[in-house]
1. Considering only the other residues whose Cβ falls under 11 Å of the Cβ of Ala229, what net charge follows from Lys and Arg at +1 and Asp and Glu at -1?
2. Given a Förster distance of 35 angstrom, what is the FRET efficiency for Lys408 paired with Glu368, based on the Cβ-Cβ distance and rounded to 0.05?
3. Out of every Cα pair in the stretch 29-116, what percent are spaced more than 23 Å from each other?
4. Kindly report, to the nearest 10 Å², the accessible surface of Lys325 as traced by a 1.4 Å probe over protein heavy atoms only.
5. Kindly state, to the nearest 0.05, the FRET efficiency for Met277 paired with Thr433, given R0 = 41 Å and r defined as their beta-carbon distance.
6. Please list, in chain and number order, the residues 5+ apart from Gly167 or on another chain whose amide H is under 5 Å from its amide H, with Hs placed from the backbone.
7. Calculate the spin-label point distance for Phe452 paired with Asp286, positioning each point 7 Å from the Cα along the beta-carbon direction, and give it in nanometres.
8. What are the ³J(HN,Hα) couplings of the stretch 388-397, residue after residue, when phi is run through the Karplus curve with 6.51, -1.76, 1.60 and θ = phi - 60°? Round to Hz, x for glycine and proline.
Amino acid sequence: MSDTPSKPQDTPSQGQSLWGGRFSAKPADIMQAINVSIGVDKRLWAQDLAGSRAHCRMLAQQGIIQPADAEAILGGLDVIEGEIKDGTFPFRDAYEDIHMNVEARLSELIGEPSGRLHTARSRNDQVATDFRLWVRDACDRTVEQLKALQSALLDRAEQHAGDLMPGFTHLQTAQPVTFGHHLMAYVEMFGRDAGRFADARARMNENPLGAAALAGSPFPIDRHMTAQALGFDRPMANSLDAVSDRDFALESLAAASIAAGHLSRLAEEIVVWMTPMFGFATLPDDLTTGSSIMPQKRNPDAAELVRAKTGRINGALIALTTVMKGLPLAYSKDMQEDKPPVFEAFDALDLALTAMTAMIAAIRPNTEKMAAAAGAGFSTATDLADWLVRELNLPFRQAHHVTGAAVKRAEALGVGLGDLPLTELQALDGRITEGVYEVLTPEASCASRQSFGGTAPEQVRARIADWRSRL
């Protein structure tokens, strides 16, 4: 096949629109500037070629185009793929978008048969198909990244299933937990995130191709054939919906926004843990930065930037919901603005997941400092109340009152609950015995939380085993 065939009379030259038959003048510069999207949507090249191949084979199978033309088209698409991969493909603003760039280049390569590829399709169903394929691939990649992050968290959680740290509510010391239990909370969160992307993928897995501009096609096309070729479960059942729907992008962005929120929460905790006042953990040099003026600084910039990516991802969701608000059926050019926020959001999420996985794999917890903090702030107060209920049969609200008085007395004496003299406790209830001290250590507190999903090390290890089997 020659790369420079003679050009038929009706093949557009560079700078001439592929839809120029209706127009006698080139677009004004401002129209060209606002209309062109090739700088953004050239990322869809692989999906565009896949859709064109499936459409071409279907047209030939249905007898709509001749086998020789189909063979020429498929050969030309192979050449274009090679050019894009080796960086020699001539992306040109004159042809607006990826679809027209491919079609123009195909015309240059194979001549007249190229014009038959667009039979029974429109750029409306073409872009809907390409974009749906891209988002589907992005969801699959994100699920794999989430699983990699979960695996890193599981490794760390298993290593520290019994290491104590303070659990917080309102960022105030609440009850002792283990570091492994704390990390497992994020395994659960990211598991839900993976589920949301999988759910979105399942709903988006319908094929718009064949809906044409908005009303379907008069040609005897086989939409089930193209759906199967592209890995879709079925064709979309309404041609208007097929070209105008962007729910799949919105739902994926919503899932990305929630996942980014979880990443941001974990990033914030890493920032707090690394603060010298906490000193719970450190990151290695290659995941932190220094200061241009303060030589002692080790800044958790990777965590801070993961936290910041949430703004971009949330903004992308708001941007696309705003674009789609109030659009009448079917396609409107507003929808050309669907791809920049989606691309930006998935780029940011990809980077944030990669960085967080690296941080979790490399973080070094200060287990001694965490354990010391686990017993501070009267963190075993609830254990005292529970002991009063179990051993003295006090109603919990009364036990809560007695415990509050014990905390107040310990605070006045400058000691922890476990160091409060028995005489002080018995002044609150004379039935309290020496046995109470068995529950007033952080170790005993954690070990006692044996309910399903609790922080007892045995429960933590059981949940780790469960997640390893699921992943």
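1. Net local charge, Ala229 excluded: +2.
2. That gives a FRET efficiency of 0.75.
3. Counting pairs separated by more than 23 Å, the tail of P(r) holds 24 percent.
4. So the heavy atoms of Lys325 present about 150 Å² to solvent.
5. 0.60
6. Hits under the 5 Å cutoff: Ala174, Gln175, Val177.
7. Roughly 4.2 nm, to one decimal.
8. Listing the rounded values in order: 4, 5, 5, 8, 10, 6, 6, x, 4, 5 Hz.
The values are calculated or read from the model by the stated rules, or taken from the named source; none is laboratory data. Bear in mind that the values here come from a model prediction, so they are computed numbers and not experimental data. Every residue, glycine among them, receives a Cβ derived from its backbone with ideal geometry; neighbour counts consider all protein chains shown. Surface areas here come from the heavy atoms of the whole protein model, side chains and all, with no ligands, DNA or RNA. Shrake-Rupley method; radii C 1.70, N 1.55, O 1.52, S 1.80 Å.
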